[in-house]
1. I'd like the per residue volume of the convex hull spanned by the Cα atoms of segment 43-92, given in cubic angstrom.
2. When Rg is the radius of gyration of the Cα atoms in the chain and Rh is its Kirkwood radius, what does Rg/Rh come to?
3. How would you classify segment 161-250 from its alpha-carbon gyration tensor, with a ≥ b ≥ c the square roots of the eigenvalues: rounded for a/c under 1.5, else prolate if a/b is greater than b/c, otherwise oblate?
4. Asn135 to Thr47: extension gain in nm, 0.36 nm per residue of separation minus the Cα-Cα distance?
5. If one computes the Cα centroid of segment 71-85 and of segment 172-192, what distance in Å separates the two points?
6. Cross-link candidates for Lys52: which lysines have Cα within less than 30 Å, leaving aside residues fewer than 8 places away along the same chain?
7. Can you pull out the trypsin sites (Lys or Arg not before Pro) in segment 141-250 that DSSP calls coil and that have at most 12 other Cβ atoms within 10 Å?
8. Can you tell me the FRET efficiency between Lys28 and Glu221 if r is taken as the Cβ-Cβ distance and R0 is 45 Å, rounded to the nearest 0.05?
Amino acid sequence: MRRKIVAGNWKMNKNLEQGMNLIDEIIKLNSSENVLKIFATPFIHITSAVEKIKDKKDFAIAAQNCHHMESGAYTGEVSASMVRSSGTEYIIIGHSERRSYFNETTPLLVQKLNIALANDLIPIFCVGENLEDRNNNNHLEVIRQQLKDALYHLSPADFSKLIIAYEPIWAIGTGVTATTHQAQGMHNFIRSEINKKYGKEISENISILYGGSCNAENAKELFACLDVDGGLVGGASLKANDFTAIANSF
Ligand code: 13P
């Protein structure tokens, strides 16, 4: 059975006190234990965040990034092994903001994936097309290529550890959400591509999250889609009530 997951990507928001208050509030609000709630916090919050959720099976912490090398003279950077040693279990890789604002290319993402997996972190790997690709009806091909170029070097054992997040770039932070038809269509396509490469068992068991203006109002209909296993949530993850309502939308 695929795990139901709601991950909050805080991006560069909340100071330490605000962030820890948010976690406290969300824990207090009570959400279904069957849903894994992940907080992808800024690096500097991670140790405190891990402490808050350490006795809770239905909560986990993710990093939003790591460096692609194991260690060395890379001033200001954070390695995968540092992230893992803090008690963090997950890591977001391939987010469109990192691809576009920080020039993260596919070869770099491959290095980050490999080093994350080597350090026992579970990657939440993001794919997504831009508006032009969608309007030109190239979206399926773009996603097929993103999956192939970044992930298909992985062994079946490593691939099966991944979580995939489909985040159409045109839906991120815009208030424009994919329709259920668009989300289900793409999630089903991703699962069928994975089936072709890695087989039925792996494709049926991998969690595929939707991201892009997911909120307390639209989460229910998105999560009702057969191939949507949860969400990667930006803006709405910064409010305790909204994040909890999304987590309770299955
Ligand atoms: P929004 O939910 O703010 O659109 O952000 C989505 C996202 O980028 C999550 O990684």
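1. Roughly 68 Å³ of hull volume per residue.
2. 0.94
3. It is prolate, given that a/c is not under 1.5 and a/b is the larger ratio.
4. Using 0.36 nm per residue and subtracting the Cα-Cα distance, I get 27.4 nm.
5. Taking the Cα centre of each part, segment 71-85 and segment 172-192 sit 34 Å apart.
6. Cross-link targets: Lys4, Lys11, Lys14, Lys28, Lys37, Lys112, Lys161, Lys220, Lys239.
7. none
8. Once the sixth-power term is evaluated, E becomes 0.95.
Read the figures in this text as sums done on the coordinates, not as results from a lab. These numbers were taken from a predicted model, which means no experiment stands behind them. Methodologically, a virtual Cβ is constructed for each residue, glycine included, from the backbone with ideal geometry; neighbour enumeration extends over all protein chains shown.
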